[in-house]
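Presented below is the structure to which this report refers.
Throughout, read-outs are computed from the coordinates displayed, never taken from laboratory work. Please read all numbers here as calculations on a predicted model, not as lab measurements. Methodologically, a virtual Cβ is constructed for each residue, glycine included, from the backbone with ideal geometry; neighbour enumeration extends over all protein chains shown.
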Amino acid sequence: MPVPTAPFYIDGLKQLREKLARAERDGTRMGQVWSALRSRARTAPDDFPWFTPFVALITGEERDLESARRNIRQYLNSMDAQPFGNGLQFHFWCYAFPHTRWALYFQWLKVLGAWSPEEERELSRQFVSLQFIYFFSGMRTKPEPECVDNQSMSLCFSNALIGYLFGSGPNGGAMARRMMIDGARRLPGMIGGMSTSGYSGEGSTYMDGVVGPSLPFLVEFLERTQGGDWYDRKLPPSGGSAASIARIIAREWTPAGLCLPWDHYGYHVPVRACITYAARRTKDPFYFELLEKHASWTHDRQVGWGYDDLVWSLIWWPEDRPKAHARAFVSWAEPEVGAAVVSPDSSLYLM
């Protein structure tokens, strides 16, 4: 496995910086979101720690790099107090997905040369050690291949990416490589194990808040490490695909601006990153209509037990919008899930 030499998941850092600069200059919705995110990260970096690594990546300014470094250190330090906490012991998947993203942000800063060699080695050791103790062993408690849900998706992806980031190259660790192999092996089944409708059966909260944010990470990881198109491909054992998962998540949005209450959590504000990724992959005007006219951009919300939905929305957000338009809310039916009847003006919605 070659050592990643660019910020992982970023297709051209120069191009991403230019995209956001153009969006801010032109006053587009994307530009407004970027401007607000950067302002929060700089004004209150300790209150918006999840924004700071992305802002540092885009600006490259020392003040932003220092905020990002401090928050990554603080994250790892916070884990020192967790070993005997009920959350980490009994809900380890809730910690696995955030741990992976903090490790990814560490890799971004590593590419920028933001760490000393000594600190880079020490922080790498901490990321891998925590992964092995809690999340590699945790993944192995989930039966393979039967267990396909948001928890297993979080754990399998976590081990695949951490293993790849820290196990690549001649200096990569053997344990990290083992975690990558065991985690990556199960990723296709996390998609293919969903029904052809795309619905996991876990309710709208976990579909929108964990499965949806995980989906781009899984697809992009598989494409970057194995090649080919993993978005439209129907995968075994049940014929699920990333495209169908994204579509059913979009169908959970309602004209009221909330997701359908398919579980005891009730209504909630939809996650945006999965929709921006679907717009990027398909260029379907349906997804653009949701983003531009119905998404709430005033605040970030929890996704995958972290608060970086706006970050990934900006990363996946396509700059070129198709000329065609589409209704965001139309009647639909999925035999295994349900159906919705929507009036032409979206004022009536019957589920």
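Can you compute 3J(HN,Hα) from phi for each residue in the stretch 58-73, using the Karplus curve 6.51 cos²θ - 1.76 cosθ + 1.60 with θ = phi - 60°, rounded to whole Hz and x for Gly and Pro?
6, 8, x, 7, 4, 4, 6, 4, 5, 4, 5, 4, 4, 6, 5, 4
Can you give the helix-only mean residue ellipticity at 222 nm for the chain, where every DSSP H stretch with n ≥ 4 adds -39500 (n - 2.57) and the sum goes over all residues, rounded to the nearest 500 deg cm²/dmol?
-16000 deg cm²/dmol
Springs between alpha-carbon pairs under 10 angstrom, Gaussian network model over the chain: which of Pro335, Pro53, Pro117 fluctuates most?
Pro335
Sort out for me the Cα centre separation of the stretch 1-36 from the stretch 199-220, rounded to whole Å.
Going from one Cα centre to the other spans 24 Å.
Could you give the size of the charge dipole of the stretch 27-128 about its Cα centre, using +1 on the Cβ of each K and R and -1 on the Cβ of each D and E, expressed in debye and rounded to the nearest 20?
Computed charge dipole of the stretch 27-128: roughly 340 debye.
Spin-label point model (7 Å from Cα, Cβ direction): what's the Ser129 to Gln302 distance in nm?
2.8 nm
If r is the Cβ-Cβ distance from Trp332 to Asn77 and R0 is 45 Å, what FRET efficiency results, to the nearest 0.05?
0.45
Sorted from fewest to most neighbouring beta carbons within 10 Å, what does the list Leu76, Leu310, Leu290 look like?
Values: Leu76 17, Leu310 24, Leu290 21.
Neighbour counts put them in this order, fewest first: Leu76, Leu290, Leu310.
Suppose each label sits 7 Å from its Cα in the direction of the beta carbon; what would the Gln32-Arg233 distance come out to in nanometres?
Taking the two extended label points, one gets 3.9 nm.
Kirkwood Rh over alpha-carbon pairs of the stretch 197-331, then Stokes-Einstein at 10 °C and 1.306 mPa s: what D in µm² s⁻¹, rounded to an integer?
Approximately 106 µm²/s, per Stokes-Einstein.
So for Val148, Val111, fewest C-beta neighbours within 10 Å to most, what's the order? Provide the component values of the computation, followed by the final result.
Numbers: Val148 25, Val111 15.
In order of increasing Cβ crowding within 10 Å: Val111, Val148.
Give, in nm to one decimal, the length gained when the segment between Asn86 and Tyr349 is fully stretched (0.36 nm per residue of separation minus the Cα-Cα distance).
90.6 nm
By average Cβ neighbour count within 10 Å, what is the ranking of 92-100, 162-170 from highest down?
Peptide ranking by packing, descending: 92-100, 162-170.
List every residue whose amide H lies under 5 Å from the amide H of Val303, counting only residues 5 or more places away in sequence or on a different chain, with H placed 1.01 Å from N in the peptide plane.
Asp308, Asp309
Report the full-extension gain for the segment Thr59 to Arg185: residue separation times 0.36 nm, less the Cα-Cα distance, to one decimal in nm.
Full-extension gain reported as 41.8 nm.
Between Lys293 and Gln15, take the C-beta separation as r, use R0 = 25 Å, and let me know the FRET efficiency to the nearest 0.05.
Calculated value: 0.40.
Residue by residue through the stretch 327-337, which ³J(HN,Hα) values in whole Hz follow from phi under the Karplus form 6.51 cos²θ - 1.76 cosθ + 1.60 (θ = phi - 60°), with glycine and proline marked x?
5, 6, 10, 10, 5, 8, 8, 10, x, 8, 10
What's the ranking of 256-265, 31-40 by average number of surrounding C-beta atoms within 10 Å, highest first?
31-40, 256-265
Taking the Cβ-Cβ separation of Met175 and Asp263 as r and a Förster radius of 35 Å, what is the calculated FRET efficiency to the nearest 0.05?
0.45
Over the Cα atoms of the chain, what Rg and Dmax result, in angstrom?
19.7, 62
With a/c under 1.5 counting as rounded, go ahead and sort the stretch 52-97 into rounded, prolate or oblate using the C-alpha gyration tensor (a ≥ b ≥ c being the square roots of the eigenvalues; past the cut-off, prolate if a/b is larger than b/c, else oblate). Working shown, then result.
Details: a/c = 6.79, a/b = 2.52, b/c = 2.69.
Taking the square roots of the gyration eigenvalues as a ≥ b ≥ c, the stretch 52-97 is oblate.
In percent, how large is the relative contact order of the stretch 13-254, given Cα pairs closer than 8 Å and 6 or more residues apart?
Contact order relative to length: 13 percent.
Relative to the Cα centre, what is the charge dipole magnitude of the chain, using +1 at the beta carbon of each Lys and Arg, -1 at the beta carbon of each Asp and Glu, and rounding to the nearest 20 debye?
Here the size comes out at about 540 debye.
Which residues in the stretch 130-160 place their backbone N less than 12 Å from a point set 7 Å from the Cα of Met1 along the Cα-to-Cβ direction?
So the set is 157-160.
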